[in-house]
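Chemist: Got a structure for you, written out below as structure tokens; questions coming shortly.
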Amino acid sequence: MKREKFWAECGRINFSSTAQSSENYIKSKLQLFENKKIMEIGPGMGRQLNVVNSVNYKEYCIADITSSNFEETIFKNCDNLIISYPDYTETNNKKYDVVHCWFVVHHVLPDELDNFFNFVRKHLKKNGHFIFNFPCKERHYNNQSNANDGIKTAEHTKEKVLEKLTGFDIVDDGEYFGDYNSYCITAKKK
């Protein structure tokens with residue numbers, strides 16, 4: 001089963017305690033979103049959009065592999081929607097001031113990581129910010145690289161992710177704790 005089909009059929013999962021540390025991190029970065037054009041990759045149920053909605057932004061774009069699980073709030077607040085980026089070759093050439101994603105990078109397989117970060121670079125303006133997180137504890141990975149269920153995850157070390165972030169200056173790369181430990185990274189495009 002392909003990933004987009006899995007996510008379209010998976011139903012709603014409650015990640016409320018899981019996402020708290022990333023919510024706190026994004027709240028600490030809200031000044032970067034003010035009056036900016038923003039792209040969010042993999043919005044899930046709109047949890048981060050709800051946080052970002054507390055500031056005024058110019059435009060909000062969503063990039064995901066399916067829209068079937070989107071909450072109505074996402075559609076109401078979204079100015080632009082990119083669906084089916086699994087091969088990272090869509091034709092939207094718009095540039096954004098901020099690109100962010102939460103608990104997405106570990107769903108990007110190792111052989112796709114360069115293409116994923118190229119997708120981010122392609123859509124980010126010079127001096128724009130890429131703000132994201134990914135799990136930092138092995139217990140949060142199912143490491144099913146050979147599974148056919150579509151949920152495949154990959155364990156990326158912080159060092160490997162930072163190595164792949166070519167063309168960026170790292171602004172912040174801290175570890176945040178909660179029920180779901182994660183590395184929260186802010187990078188600025190050169």
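The values are calculated or read from the model by the stated rules, or taken from the named source; none is laboratory data. Bear in mind the structure is a predicted one, so any value in this text is a computation, not a measurement. Here the Cβ positions follow ideal geometry from the backbone for every residue, glycine too, while neighbour counts run over all protein chains shown. Note: accessible area is taken over every heavy atom of the protein model, side chains too, but ligands, DNA and RNA are not part of it. Shrake-Rupley method; radii C 1.70, N 1.55, O 1.52, S 1.80 Å.
Chemist: Of the numbered conditions (1) at pLDDT below 80; (2) under 17 Å from residue 96 (Cα atoms), residue 56 fails exactly one; give the number of that condition.
Modeler: Every listed condition holds for residue 56 apart from (1).
Chemist: May I ask you to list the residues in segment 113-141 that are in a helix (DSSP H, G or I) and at pLDDT 85 or above?
Modeler: Answer for segment 113-141, where residues must be in a helix (DSSP H, G or I) and at pLDDT 85 or above: 113, 114, 115, 116, 117, 118, 119, 120, 121, 122, 123.
Chemist: While we're here: Checking residue 147 against (1) modelled with pLDDT of 90 or more; (2) open to solvent by less than 60 Å² (accessible area, probe 1.4 Å); (3) over 17 Å from residue 24 (Cβ atoms), which test does it fail?
Modeler: If we test residue 147 against (1) modelled with pLDDT of 90 or more; (2) open to solvent by less than 60 Å² (accessible area, probe 1.4 Å); (3) over 17 Å from residue 24 (Cβ atoms), just (1) comes out false.
Chemist: Pick out the one residue from 70, 168 that is closer than 21 Å to residue 38 by Cα and modelled with pLDDT of 90 or more.
Modeler: Exactly one of 70, 168 is closer than 21 Å to residue 38 by Cα and modelled with pLDDT of 90 or more, namely 168.
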